[in-house]
Every structure is written in structure tokens, then in C-alpha cells.
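Below is one structure, written out as C-alpha cells, with a few remarks after it.
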Amino acid sequence: MSQETMLQTRGLTRRFGGLVAVNDVDFDVKTGEIHAILGPNGAGKSTLINLLSGELPPSSGEILYQGQPIHGKPARQIARMGIGRSHQKTNIFPRLSCLQNCELAARIHMGGVFGSWRSGQRAREVNEKALQVLETCQLVHQAYTPASAMSYGEQRQLQIAMVLATSPSLMLLDEPMAGMGHEETAQVTELLKALSDQYTLVLIEHDMDSVFRLADRITVMVDGCVLESGPTEQIRRSEKVQDVYLGRHHQEASA
Ligand code: ADP
Ligand code: MG
């Protein structure tokens, strides 16, 4: 794995009124890695992703992507620079087919004017891209199924396909396995593992088995701050993390 830094934040902070949701966060992602973000609910994980993707502007601090500052740039522009993201809540178009959902994602990313003489060519490119990502996510057999008619797990998989359709270099995935059963979780874990050959992944996930199987490095957040960040083994063994997060998580799970 390359040790080159793809993305880094310095002193990244986001306030909502009096609440500091992301508090002075230094975070870095290396090219080719799977970097998991762990932390209890309300820790600021989704807000961090929203800052990285440009959906929220930071209150202060910097974000560098491939060495260039991107804080303050609009989300659309950041997406075009190669940062793709999925949301914690499913946001697909339920009445459109799987294929149409992916075509839309690809189309938004490619941008441009579709009424031009190149529109036929463009439509073919979009269609090819959509089919290709459905293939990758093992959803080709559902290409013409309305998204609403698929299982919840397949809808979550479609969301990953839609991120892929935007041709990202870096994928930010906010709880891609949330609400999935054991088998579906295992399936998506393998999909993400396969994608990591080609993409750099930042993953928010609560399923510890998946995180430990997938992540090269882990950053643990608590109350908007980074508690600890490091290689997966280091985090797994960290007493600080076990006390503050894994311990609490365990108690909640067994309560
Ligand atoms: P996590 O994803 O780790 O569960 P979030 O980033 O969603 O945490 O939230 C962190 C904190 O910021 C929470 O206290 C949440 O209520 C608050 N928060 C998140 N988004 C907003 C918002 N748009 N407006 C006000 N408060 C918010
Ligand atoms: Mg969240």
C-alpha cells in the first residue's frame, strides 16, 4: 500500500450554534487504504464526512485533497475532483430502476449539456458506466427493477453502485451496512474489500467484525474530537479506545 497522503484535515471544526460537532480534527487518509471512522452516536462522524464532501462548510480549519485546499468549495466541484460519498440514510429514487438510478448518478457527475450533438454518444457512455457499476455490485440481474421493489440490503448496495457511477478516487461511505442482516453485511464487506484494490475508502461503520476485517487504519471519534487514530491492530488493543468506546458499545449491546 502506498503511504502517500490523499486527503488531510488540519484543525477542522464545525459548530452548530453552541455545539462543536467536529472539534479541531486532524485526520489523514492515505492513498489506497480503507480508513474506518468509529465512535458512538453523536460523535461527529457524519458531520466530518459532510465537511469532506463539501456538503457543509467548516467553521474553521483546512481540508487538503491531493495537496489542494478544498474547504469552502461547493459539493458539486468536490465530487468532480473525485470524492464520492454515500449517505447514512438511503437516498435513491424509488420509482426509477436500478439502472436509471446509476445513470442519473453518472450523468450528474459527467455534467455538460445533453441537448448537444454529442448527446447520443454521452447517453451511451452513461449507460455503459451504469451497467459496469451494477456488474461490480452484483446487481445486474436487478437492472430493470424499480429500486423500491428491491430488498433493503440491495437498496444499500445500489447506493454504493451510485457512488461508483460518479467515478470517484476516494469514496466516503456513511454506514453502508446500517440495518442489514448478517448475510448482507458479509456480502457488502466482501464487496468493499474488492473495491479497495481500486479505490481509497473512508468508512463509517458500527459492525466491528466488518471494520476489523476491512480497515487498514481506524480513527476513533468521541464528542467531536479524535480520541485515537492508527493502524487497526493498535486501535483494537488500545485501552483508551476500549474504555471509552468499545467498552461502552459492548455494554449497550449487552444491555
Ligand atoms: P454521528 O454521525 O457520529 O452519529 P453527527 O455528525 O451526525 O454524529 O452529529 C454530531 C453532533 O452534531 C450531534 O450532536 C448532532 O445532533 C449534531 N448535528 C449534526 N448535524 C446537525 C445540524 N445540521 N444541525 C444541528 N446539529 C447537528
Ligand atoms: Mg452518523
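Kindly evaluate Val133 against the criterion of being modelled with pLDDT under 95, hydrophobic (A, V, I, L, M, F, W, C) and buried (at least 19 other Cβ atoms within 10 Å of the Cβ). Talk me through it step by step, then tell me what you get.
Working: modelled with pLDDT under 95: no; hydrophobic (A, V, I, L, M, F, W, C): yes; buried (at least 19 other Cβ atoms within 10 Å of the Cβ): yes.
Taking the combined requirement at face value, the residue does not satisfy it.
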_Can you confirm whether Val244 is at pLDDT 95 or above, under 20 Å from Gly42 (Cβ atoms) and more than 12 Å from the chain's Cα centre (by Cα)?_
no
*Would you say Leu192 is in a helix (DSSP H, G or I) and at pLDDT 95 or above?*
yes
*Only residues that are out of contact with any helix residue (DSSP H, G or I) (no Cβ under 7 Å at 6 or more places or on another chain) and of a type in the set (Val, Ile, Thr): list them for the stretch 165-199, please.*
none
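So, in the stretch 152-182, how many residues would count as being among the aliphatic types (A, V, I, L, M) and in a loop (DSSP other than H, G, I, E, B)?
Within the stretch 152-182, the first condition is being among the aliphatic types (A, V, I, L, M), and the residues that meet it are 158, 160-165, 170-173, 177-178, 180.
Retained after the next criterion (residues that are in a loop (DSSP other than H, G, I, E, B)): 165, 177-178, 180.
Matching residues across the stretch 152-182 total 4.
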*Go through Val202, Val226, Val241 for me and flag whichever is within 14 Å of ligand 1 (Cβ to nearest atom), among the hydrophobic types (A, V, I, L, M, F, W, C) and more than 24 Å from Gly82 (Cβ to Cβ).*
Val226
*May I ask you to say which residue of Ser59, Ser46 is of a type in the set (Gly, Ala, Ser) and buried (at least 21 other Cβ atoms within 10 Å of the Cβ)?*
Ser46
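In the set Leu51, Leu7, Leu12, which member is touching a Lys or Arg at 6+ places or on another chain (Cβ under 7 Å) and closer than 15 Å to Val202 by Cβ?
Being touching a Lys or Arg at 6+ places or on another chain (Cβ under 7 Å) and closer than 15 Å to Val202 by Cβ holds for just one of Leu51, Leu7, Leu12, which is Leu51.
Residues that are touching a Lys or Arg at 6+ places or on another chain (Cβ under 8 Å), in contact (Cβ under 8 Å) with a residue 24 or more places away in the chain and within 23 Å of Lys193 (Cα to Cα): does the stretch 20-33 have at least one?
yes
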*Got at least one residue in the stretch 101-110 being among the small types (Gly, Ala, Ser), surrounded by 18 or more Cβ atoms within 10 Å (Cβ to Cβ) and farther than 20 Å from Thr145 by Cβ?*
no
*For His71, indicate whether it is more than 16 Å from ligand 2 (Cβ to nearest atom) and either under 18 Å from Leu203 (Cβ atoms) or in a helix (DSSP H, G or I) (or both).*
no
*How many residues are near ligand 2 (Cβ under 9 Å from one of its atoms), polar (S, T, N, Q) and closer than 22 Å to Lys73 by Cβ when one looks only at the stretch 40-61?*
2
*Are any residues in the stretch 199-218 surrounded by 19 or more Cβ atoms within 10 Å (Cβ to Cβ), of a type in the set (A, V, I, L, M, F, W, C) and not in a strand (DSSP E or B), and if so, which ones?*
Val211, Leu214, Ala215
*Tally time: how many residues in the stretch 79-98 are touching a Lys or Arg at 6+ places or on another chain (Cβ under 9 Å) and away from ligand 2 (no atom under 14 Å from the Cβ)?*
2
*Within the stretch 13-39, can you find the residues that are more than 10 Å from ligand 2 (Cβ to nearest atom) and touching a Phe, Trp or Tyr at 6+ places or on another chain (Cβ under 7 Å)?*
Leu38
*Could you look through the stretch 30-56, keep only residues that are assigned to a loop (DSSP other than H, G, I, E, B) and touching a helix residue (DSSP H, G or I) at 6+ places or on another chain (Cβ under 8 Å), and pick out the one that is nearest to ligand 1 (Cβ to nearest atom)?*
Gly39
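The values are calculated or read from the model by the stated rules, or taken from the named source; none is laboratory data. This one's a predicted model, so the numbers in the text were calculated from it and none came from an experiment. Counting neighbours? That spans all protein chains shown, and the Cβs are built from the backbone with ideal geometry, glycine included.
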